[in-house]
(Lines give C-alpha, C1' and ligand atoms only; values in the text may rest on other atoms or scores of the structure.)
Protein backbone atom coordinates (compact mmCIF):
# COMPACT_ATOMS: atom_id res chain seq x y z
CA UNK A 1 0.00 0.00 0.00
CA UNK A 2 1.10 3.51 -0.80
CA UNK A 3 0.76 6.37 1.68
CA UNK A 4 -0.95 8.48 -0.93
CA UNK A 5 -3.94 6.15 -0.88
CA UNK A 6 -5.26 7.94 2.18
CA UNK A 7 -5.00 11.46 0.82
CA UNK A 8 -8.41 13.12 0.65
CA UNK A 9 -9.74 14.16 -2.76
CA UNK A 10 -9.88 17.79 -1.57
CA UNK A 11 -6.10 17.79 -1.10
CA UNK A 12 -5.54 16.27 -4.53
CA UNK A 13 -7.75 18.95 -6.01
CA UNK A 14 -5.62 21.71 -4.46
CA UNK A 15 -2.28 20.31 -5.67
CA UNK A 16 -2.70 21.41 -9.32
CA UNK A 17 -3.36 24.93 -8.04
CA UNK A 18 -0.11 24.94 -6.00
CA UNK A 19 1.64 23.57 -9.05
CA UNK A 20 0.27 26.37 -11.22
CA UNK A 21 1.27 29.14 -8.81
CA UNK A 22 4.73 27.69 -8.28
CA UNK A 23 5.12 27.89 -12.04
CA UNK A 24 4.28 31.59 -11.89
CA UNK A 25 6.85 32.11 -9.13
CA UNK A 26 9.46 30.34 -11.26
CA UNK A 27 8.65 32.67 -14.16
CA UNK A 28 9.10 35.63 -11.81
CA UNK A 29 12.59 34.30 -11.01
CA UNK A 30 11.88 33.42 -7.37
CA UNK A 31 13.70 30.47 -5.80
CA UNK A 32 12.14 30.45 -2.33
CA UNK A 33 8.56 30.74 -1.16
CA UNK A 34 6.58 30.29 2.05
CA UNK A 35 3.20 28.90 3.01
CA UNK A 36 2.23 32.52 3.74
CA UNK A 37 3.14 33.65 0.21
CA UNK A 38 1.38 30.65 -1.32
CA UNK A 39 -1.60 31.47 0.87
CA UNK A 40 -1.81 34.98 -0.56
CA UNK A 41 -1.63 33.61 -4.10
CA UNK A 42 -4.03 30.72 -3.78
CA UNK A 43 -6.49 31.97 -1.19
CA UNK A 44 -6.05 28.85 0.97
CA UNK A 45 -4.83 29.40 4.53
CA UNK A 46 -1.12 28.98 5.26
CA UNK A 47 -1.84 26.18 7.75
CA UNK A 48 -4.00 24.41 5.17
CA UNK A 49 -1.13 24.55 2.70
CA UNK A 50 1.41 23.24 5.24
CA UNK A 51 -1.01 20.45 6.17
CA UNK A 52 -1.58 19.53 2.53
CA UNK A 53 2.12 19.35 1.77
CA UNK A 54 2.84 17.43 4.98
CA UNK A 55 0.73 14.60 3.55
CA UNK A 56 3.57 13.99 1.14
CA UNK A 57 6.45 14.50 3.52
CA UNK A 58 6.51 18.27 3.89
CA UNK A 59 9.20 19.52 1.46
CA UNK A 60 9.70 22.65 3.58
CA UNK A 61 11.95 23.57 6.44
CA UNK A 62 10.58 25.45 9.47
CA UNK A 63 11.63 29.06 9.09
CA UNK A 64 13.25 28.54 5.70
CA UNK A 65 10.20 28.00 3.53
CA UNK A 66 10.06 26.01 0.33
CA UNK A 67 12.43 25.70 -2.60
CA UNK A 68 10.14 26.70 -5.49
CA UNK A 69 11.55 24.45 -8.19
CA UNK A 70 11.97 21.44 -5.93
CA UNK A 71 8.41 21.75 -4.58
CA UNK A 72 7.03 22.17 -8.08
CA UNK A 73 8.87 19.07 -9.30
CA UNK A 74 7.67 17.07 -6.32
CA UNK A 75 4.05 18.06 -6.91
CA UNK A 76 4.45 17.25 -10.61
CA UNK A 77 5.72 13.81 -9.63
CA UNK A 78 2.82 13.25 -7.20
CA UNK A 79 0.28 14.26 -9.85
CA UNK A 80 2.01 12.10 -12.44
CA UNK A 81 2.92 15.06 -14.68
CA UNK A 82 6.38 13.55 -15.21
CA UNK A 83 4.79 10.86 -17.36
CA UNK A 84 3.39 10.74 -20.86
CA UNK A 85 -0.31 10.07 -21.49
CA UNK A 86 -2.07 8.85 -24.58
CA UNK A 87 -5.59 10.19 -24.88
CA UNK A 88 -8.57 9.47 -27.09
CA UNK A 89 -11.68 11.64 -27.38
CA UNK A 90 -15.11 10.12 -27.97
CA UNK A 91 -17.42 12.62 -29.66
CA UNK A 92 -15.79 15.07 -32.06
CA UNK A 93 -18.39 17.84 -31.75
CA UNK A 94 -17.59 21.29 -30.41
CA UNK A 95 -16.39 20.24 -26.99
CA UNK A 96 -14.39 17.30 -28.35
CA UNK A 97 -12.70 19.49 -30.92
CA UNK A 98 -11.99 22.17 -28.33
CA UNK A 99 -10.28 19.60 -26.11
CA UNK A 100 -8.28 18.24 -29.06
CA UNK A 101 -7.13 21.75 -29.94
CA UNK A 102 -6.61 22.95 -26.37
CA UNK A 103 -3.07 24.18 -25.85
CA UNK A 104 -3.40 24.69 -22.12
CA UNK A 105 -2.15 21.21 -21.24
CA UNK A 106 1.44 22.19 -21.88
CA UNK A 107 2.67 21.27 -18.40
CA UNK A 108 2.41 17.58 -19.00
CA UNK A 109 2.90 15.31 -21.92
CA UNK A 110 -0.63 14.64 -23.14
CA UNK A 111 -1.00 13.33 -26.65
CA UNK A 112 -4.44 13.17 -28.27
CA UNK A 113 -4.01 10.07 -30.42
CA UNK A 114 -7.44 9.92 -32.05
CA UNK A 115 -11.02 11.16 -31.87
CA UNK A 116 -14.08 9.00 -32.55
CA UNK A 117 -17.45 10.01 -33.89
CA UNK A 118 -20.35 8.52 -35.82
CA UNK A 119 -20.94 11.57 -38.01
CA UNK A 120 -19.68 10.75 -41.55
CA UNK A 121 -19.03 14.46 -42.15
CA UNK A 122 -16.46 14.47 -39.34
CA UNK A 123 -14.84 11.06 -39.90
CA UNK A 124 -11.53 11.43 -41.72
CA UNK A 125 -10.92 15.01 -40.60
CA UNK A 126 -7.82 15.88 -38.58
CA UNK A 127 -7.53 17.89 -35.36
CA UNK A 128 -3.88 18.81 -34.97
CA UNK A 129 -2.20 15.45 -35.46
CA UNK A 130 -5.18 13.33 -34.49
CA UNK A 131 -7.58 11.75 -36.96
CA UNK A 132 -11.34 11.55 -36.36
CA UNK A 133 -12.20 7.88 -36.74
CA UNK A 134 -15.45 5.98 -37.07
CA UNK A 135 -16.82 5.07 -33.63
CA UNK A 136 -17.32 1.54 -34.98
CA UNK A 137 -13.53 1.18 -35.06
CA UNK A 138 -13.17 2.00 -31.35
CA UNK A 139 -12.87 -1.55 -30.01
CA UNK A 140 -10.43 -2.66 -32.66
CA UNK A 141 -8.37 0.49 -32.04
CA UNK A 142 -8.24 -0.13 -28.28
CA UNK A 143 -7.20 -3.75 -28.83
CA UNK A 144 -4.07 -2.52 -30.56
CA UNK A 145 -3.24 0.85 -28.97
CA UNK A 146 -2.32 1.45 -25.35
CA UNK A 147 -4.51 4.37 -24.28
CA UNK A 148 -4.31 5.92 -20.81
CA UNK A 149 -7.24 8.31 -20.73
CA UNK A 150 -10.54 8.49 -22.62
CA UNK A 151 -12.43 11.78 -22.82
CA UNK A 152 -16.20 11.50 -23.24
CA UNK A 153 -17.68 14.42 -25.20
CA UNK A 154 -20.75 12.62 -26.52
CA UNK A 155 -24.38 13.61 -25.94
CA UNK A 156 -25.48 12.48 -22.48
CA UNK A 157 -27.96 10.02 -24.01
CA UNK A 158 -25.10 7.69 -25.04
CA UNK A 159 -22.38 8.58 -22.50
CA UNK A 160 -23.06 5.65 -20.14
CA UNK A 161 -23.04 3.15 -23.02
CA UNK A 162 -19.81 4.62 -24.42
CA UNK A 163 -18.18 4.52 -20.97
CA UNK A 164 -19.10 0.87 -20.51
CA UNK A 165 -17.61 0.01 -23.89
CA UNK A 166 -14.40 1.87 -22.97
CA UNK A 167 -14.11 0.01 -19.67
CA UNK A 168 -14.70 -3.32 -21.42
CA UNK A 169 -11.77 -2.45 -23.69
CA UNK A 170 -9.52 -1.81 -20.70
CA UNK A 171 -9.84 1.97 -20.12
CA UNK A 172 -9.53 2.87 -16.42
CA UNK A 173 -9.43 6.70 -16.49
CA UNK A 174 -12.31 8.72 -17.93
CA UNK A 175 -12.62 12.49 -18.27
CA UNK A 176 -16.34 13.07 -18.66
CA UNK A 177 -17.81 16.20 -20.27
CA UNK A 178 -21.29 14.72 -20.86
CA UNK A 179 -23.70 16.33 -18.36
CA UNK A 180 -24.64 13.04 -16.69
CA UNK A 181 -22.88 11.09 -13.93
CA UNK A 182 -21.48 7.76 -15.05
CA UNK A 183 -22.14 4.59 -13.07
CA UNK A 184 -18.77 2.86 -13.13
CA UNK A 185 -17.03 0.10 -11.18
CA UNK A 186 -14.65 1.17 -8.38
CA UNK A 187 -11.57 0.35 -10.42
CA UNK A 188 -12.41 3.08 -12.94
CA UNK A 189 -11.65 6.69 -12.05
CA UNK A 190 -13.94 9.34 -13.52
CA UNK A 191 -13.38 13.09 -13.39
CA UNK A 192 -16.49 15.02 -14.34
CA UNK A 193 -16.56 18.46 -15.90
CA UNK A 194 -20.18 19.52 -15.45
CA UNK A 195 -20.28 22.89 -17.16
CA UNK A 196 -23.92 23.39 -16.19
CA UNK A 197 -23.19 23.07 -12.50
CA UNK A 198 -20.53 25.71 -12.65
CA UNK A 199 -22.79 28.06 -14.64
CA UNK A 200 -25.72 27.51 -12.28
CA UNK A 201 -23.54 28.43 -9.28
CA UNK A 202 -22.66 31.61 -11.11
CA UNK A 203 -26.30 32.55 -11.72
CA UNK A 204 -27.05 31.87 -8.04
CA UNK A 205 -24.39 34.32 -6.85
CA UNK A 206 -25.29 36.81 -9.56
CA UNK A 207 -28.88 36.87 -8.32
CA UNK A 208 -27.78 37.14 -4.68
CA UNK A 209 -25.76 40.23 -5.61
CA UNK A 210 -28.71 41.73 -7.45
CA UNK A 211 -31.01 41.08 -4.49
CA UNK A 212 -28.61 42.87 -2.14
CA UNK A 213 -28.39 45.83 -4.50
CA UNK A 214 -32.17 46.21 -4.59
CA UNK A 215 -32.55 45.96 -0.80
CA UNK B 1 -30.42 40.70 4.10
CA UNK B 2 -31.47 37.42 2.60
CA UNK B 3 -31.09 34.10 4.42
CA UNK B 4 -29.32 32.61 1.45
CA UNK B 5 -26.37 34.90 2.08
CA UNK B 6 -25.08 32.50 4.70
CA UNK B 7 -25.31 29.35 2.60
CA UNK B 8 -21.90 27.76 2.13
CA UNK B 9 -20.50 27.50 -1.39
CA UNK B 10 -20.36 23.70 -1.05
CA UNK B 11 -24.16 23.61 -0.64
CA UNK B 12 -24.66 25.85 -3.66
CA UNK B 13 -22.43 23.57 -5.67
CA UNK B 14 -24.57 20.54 -4.81
CA UNK B 15 -27.90 22.17 -5.74
CA UNK B 16 -27.39 21.90 -9.53
CA UNK B 17 -26.76 18.18 -9.06
CA UNK B 18 -30.03 17.73 -7.15
CA UNK B 19 -31.72 19.75 -9.85
CA UNK B 20 -30.31 17.51 -12.56
CA UNK B 21 -31.34 14.27 -10.84
CA UNK B 22 -34.83 15.56 -10.07
CA UNK B 23 -35.14 16.20 -13.81
CA UNK B 24 -34.27 12.56 -14.46
CA UNK B 25 -36.90 11.43 -11.92
CA UNK B 26 -39.48 13.63 -13.68
CA UNK B 27 -38.62 12.02 -17.00
CA UNK B 28 -39.10 8.61 -15.37
CA UNK B 29 -42.60 9.72 -14.38
CA UNK B 30 -41.98 9.77 -10.61
CA UNK B 31 -43.83 12.30 -8.46
CA UNK B 32 -42.34 11.55 -5.05
CA UNK B 33 -38.79 11.02 -3.89
CA UNK B 34 -36.86 10.74 -0.62
CA UNK B 35 -33.51 11.88 0.69
CA UNK B 36 -32.54 8.19 0.61
CA UNK B 37 -33.39 7.86 -3.10
CA UNK B 38 -31.61 11.13 -3.89
CA UNK B 39 -28.65 9.84 -1.88
CA UNK B 40 -28.42 6.73 -4.05
CA UNK B 41 -28.54 8.83 -7.19
CA UNK B 42 -26.14 11.59 -6.18
CA UNK B 43 -23.71 9.80 -3.89
CA UNK B 44 -24.21 12.38 -1.10
CA UNK B 45 -25.51 11.05 2.22
CA UNK B 46 -29.23 11.31 2.95
CA UNK B 47 -28.57 13.47 6.02
CA UNK B 48 -26.36 15.76 3.94
CA UNK B 49 -29.18 16.19 1.43
CA UNK B 50 -31.78 16.91 4.15
CA UNK B 51 -29.40 19.40 5.74
CA UNK B 52 -28.74 21.12 2.40
CA UNK B 53 -32.44 21.48 1.63
CA UNK B 54 -33.23 22.63 5.17
CA UNK B 55 -31.10 25.70 4.44
CA UNK B 56 -33.89 26.84 2.19
CA UNK B 57 -36.82 25.81 4.32
CA UNK B 58 -36.89 22.05 3.84
CA UNK B 59 -39.51 21.37 1.14
CA UNK B 60 -40.06 17.85 2.50
CA UNK B 61 -42.37 16.31 5.03
CA UNK B 62 -41.06 13.82 7.60
CA UNK B 63 -42.08 10.37 6.41
CA UNK B 64 -43.62 11.63 3.18
CA UNK B 65 -40.53 12.66 1.24
CA UNK B 66 -40.33 15.31 -1.43
CA UNK B 67 -42.63 16.26 -4.27
CA UNK B 68 -40.29 15.91 -7.26
CA UNK B 69 -41.68 18.70 -9.41
CA UNK B 70 -42.13 21.14 -6.55
CA UNK B 71 -38.61 20.53 -5.22
CA UNK B 72 -37.13 20.91 -8.71
CA UNK B 73 -38.96 24.19 -9.24
CA UNK B 74 -37.84 25.49 -5.86
CA UNK B 75 -34.20 24.65 -6.59
CA UNK B 76 -34.52 26.26 -10.02
CA UNK B 77 -35.83 29.40 -8.35
CA UNK B 78 -32.99 29.40 -5.78
CA UNK B 79 -30.38 29.01 -8.54
CA UNK B 80 -32.07 31.68 -10.63
CA UNK B 81 -32.93 29.29 -13.46
CA UNK B 82 -36.38 30.87 -13.74
CA UNK B 83 -34.75 33.98 -15.20
CA UNK B 84 -33.27 34.87 -18.57
CA UNK B 85 -29.55 35.65 -18.93
CA UNK B 86 -27.73 37.52 -21.65
CA UNK B 87 -24.20 36.27 -22.16
CA UNK B 88 -21.16 37.44 -24.10
CA UNK B 89 -18.06 35.39 -24.79
CA UNK B 90 -14.61 36.98 -24.95
CA UNK B 91 -12.28 34.90 -27.09
CA UNK B 92 -13.84 33.05 -30.02
CA UNK B 93 -11.26 30.28 -30.28
CA UNK B 94 -12.07 26.63 -29.75
CA UNK B 95 -13.35 26.89 -26.21
CA UNK B 96 -15.32 30.08 -26.93
CA UNK B 97 -16.95 28.52 -29.95
CA UNK B 98 -17.70 25.34 -28.04
CA UNK B 99 -19.47 27.35 -25.33
CA UNK B 100 -21.41 29.35 -27.95
CA UNK B 101 -22.55 26.13 -29.61
CA UNK B 102 -23.14 24.16 -26.42
CA UNK B 103 -26.70 22.88 -26.28
CA UNK B 104 -26.46 21.53 -22.76
CA UNK B 105 -27.70 24.73 -21.11
CA UNK B 106 -31.28 23.94 -22.06
CA UNK B 107 -32.59 24.06 -18.48
CA UNK B 108 -32.32 27.80 -18.23
CA UNK B 109 -32.75 30.66 -20.60
CA UNK B 110 -29.20 31.56 -21.57
CA UNK B 111 -28.75 33.63 -24.68
CA UNK B 112 -25.28 34.13 -26.16
CA UNK B 113 -25.68 37.62 -27.57
CA UNK B 114 -22.20 38.11 -29.05
CA UNK B 115 -18.62 36.86 -29.09
CA UNK B 116 -15.56 39.10 -29.18
CA UNK B 117 -12.14 38.40 -30.65
CA UNK B 118 -9.21 40.28 -32.13
CA UNK B 119 -8.58 37.78 -34.93
CA UNK B 120 -9.77 39.37 -38.24
CA UNK B 121 -10.40 35.89 -39.65
CA UNK B 122 -13.03 35.26 -36.98
CA UNK B 123 -14.64 38.71 -36.79
CA UNK B 124 -17.91 38.77 -38.73
CA UNK B 125 -18.55 35.03 -38.44
CA UNK B 126 -21.68 33.74 -36.73
CA UNK B 127 -22.02 31.07 -34.04
CA UNK B 128 -25.70 30.09 -33.95
CA UNK B 129 -27.37 33.50 -33.73
CA UNK B 130 -24.39 35.33 -32.23
CA UNK B 131 -21.96 37.41 -34.24
CA UNK B 132 -18.21 37.46 -33.54
CA UNK B 133 -17.36 41.13 -33.07
CA UNK B 134 -14.11 43.04 -32.89
CA UNK B 135 -12.81 43.17 -29.31
CA UNK B 136 -12.30 46.91 -29.84
CA UNK B 137 -16.09 47.28 -29.92
CA UNK B 138 -16.51 45.67 -26.49
CA UNK B 139 -16.85 48.82 -24.40
CA UNK B 140 -19.24 50.50 -26.80
CA UNK B 141 -21.30 47.31 -26.92
CA UNK B 142 -21.52 47.07 -23.12
CA UNK B 143 -22.55 50.73 -22.89
CA UNK B 144 -25.65 49.93 -24.92
CA UNK B 145 -26.50 46.29 -24.12
CA UNK B 146 -27.48 44.91 -20.75
CA UNK B 147 -25.31 41.83 -20.30
CA UNK B 148 -25.58 39.54 -17.27
CA UNK B 149 -22.64 37.19 -17.67
CA UNK B 150 -19.30 37.41 -19.49
CA UNK B 151 -17.39 34.24 -20.36
CA UNK B 152 -13.62 34.59 -20.63
CA UNK B 153 -12.09 32.16 -23.14
CA UNK B 154 -8.99 34.20 -23.99
CA UNK B 155 -5.38 33.10 -23.56
CA UNK B 156 -4.35 33.46 -19.91
CA UNK B 157 -1.87 36.19 -20.80
CA UNK B 158 -4.72 38.67 -21.36
CA UNK B 159 -7.46 37.26 -19.13
CA UNK B 160 -6.83 39.59 -16.18
CA UNK B 161 -6.81 42.67 -18.41
CA UNK B 162 -10.01 41.57 -20.18
CA UNK B 163 -11.69 40.89 -16.83
CA UNK B 164 -10.81 44.37 -15.54
CA UNK B 165 -12.22 45.94 -18.69
CA UNK B 166 -15.44 43.94 -18.28
CA UNK B 167 -15.82 45.02 -14.65
CA UNK B 168 -15.21 48.64 -15.60
CA UNK B 169 -18.08 48.31 -18.07
CA UNK B 170 -20.39 47.02 -15.34
CA UNK B 171 -20.06 43.23 -15.60
CA UNK B 172 -20.44 41.51 -12.19
CA UNK B 173 -20.54 37.82 -13.13
CA UNK B 174 -17.63 36.14 -14.92
CA UNK B 175 -17.31 32.56 -16.08
CA UNK B 176 -13.58 32.07 -16.50
CA UNK B 177 -12.06 29.36 -18.73
CA UNK B 178 -8.57 30.91 -18.91
CA UNK B 179 -6.21 28.81 -16.77
CA UNK B 180 -5.31 31.63 -14.40
CA UNK B 181 -7.13 32.93 -11.32
CA UNK B 182 -8.53 36.44 -11.70
CA UNK B 183 -7.92 39.07 -9.05
CA UNK B 184 -11.28 40.78 -8.80
CA UNK B 185 -13.08 43.06 -6.34
CA UNK B 186 -15.50 41.41 -3.89
CA UNK B 187 -18.54 42.65 -5.75
CA UNK B 188 -17.65 40.54 -8.80
CA UNK B 189 -18.42 36.84 -8.75
CA UNK B 190 -16.09 34.58 -10.72
CA UNK B 191 -16.65 30.88 -11.44
CA UNK B 192 -13.50 29.21 -12.73
CA UNK B 193 -13.39 26.20 -15.00
CA UNK B 194 -9.79 25.05 -14.71
CA UNK B 195 -9.65 22.15 -17.13
CA UNK B 196 -6.04 21.43 -16.20
CA UNK B 197 -6.85 20.93 -12.56
CA UNK B 198 -9.50 18.40 -13.35
CA UNK B 199 -7.19 16.56 -15.77
CA UNK B 200 -4.31 16.56 -13.27
CA UNK B 201 -6.54 15.00 -10.59
CA UNK B 202 -7.38 12.31 -13.11
CA UNK B 203 -3.72 11.52 -13.83
CA UNK B 204 -3.06 11.36 -10.07
CA UNK B 205 -5.73 8.71 -9.51
CA UNK B 206 -4.76 6.88 -12.68
CA UNK B 207 -1.19 6.55 -11.40
CA UNK B 208 -2.37 5.49 -7.95
CA UNK B 209 -4.36 2.67 -9.58
CA UNK B 210 -1.36 1.61 -11.64
CA UNK B 211 0.86 1.61 -8.54
CA UNK B 212 -1.60 -0.63 -6.71
CA UNK B 213 -1.73 -3.01 -9.65
CA UNK B 214 2.05 -3.36 -9.72
CA UNK B 215 2.35 -3.91 -5.95
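Observations, loosely collected:
- Residue list for region A:84-128, filter: at pLDDT below 90 and out of contact with any strand residue (DSSP E or B) (no Cβ under 8 Å at 6 or more places or on another chain): A:94, A:95, A:98, A:102, A:103, A:104, A:105, A:106, A:107
- Matching residues in region B:24-33 - criterion: being crowded, with 16+ Cβ neighbours inside 10 Å and either under 20 Å from residue B:82 (Cα atoms) or not assigned by TED's automatic domain parsing to the domain that holds residue B:67 (or both): B:25
- Enumeration of residues in region B:43-83 that are surrounded by fewer than 18 Cβ atoms within 10 Å (Cβ to Cβ) and within 14 Å of chain A (Cβ to nearest Cβ): B:43, B:44, B:55, B:56, B:77, B:82, B:83
- In the set (1) more than 12 Å from chain B (Cβ to nearest Cβ); (2) surrounded by 16 or more Cβ atoms within 10 Å (Cβ to Cβ); (3) in contact with a helix residue (DSSP H, G or I) (Cβ under 9 Å, 6 or more places away or on another chain), residue A:36 fails one condition alone, (2).
- Considering region B:84-103, and only residues there that are away from chain A (no Cβ under 11 Å) and over 10 Å from residue B:154 (Cα atoms), the residue that is surrounded by the most Cβ atoms within 10 Å (Cβ to Cβ) turns out to be B:88.
The values are calculated or read from the model by the stated rules, or taken from the named source; none is laboratory data. Given the structure is predicted, the values throughout are model-derived calculations rather than measurements. Note: ideal-geometry Cβ built from the backbone for every residue, glycine included; neighbour counts use all protein chains shown.
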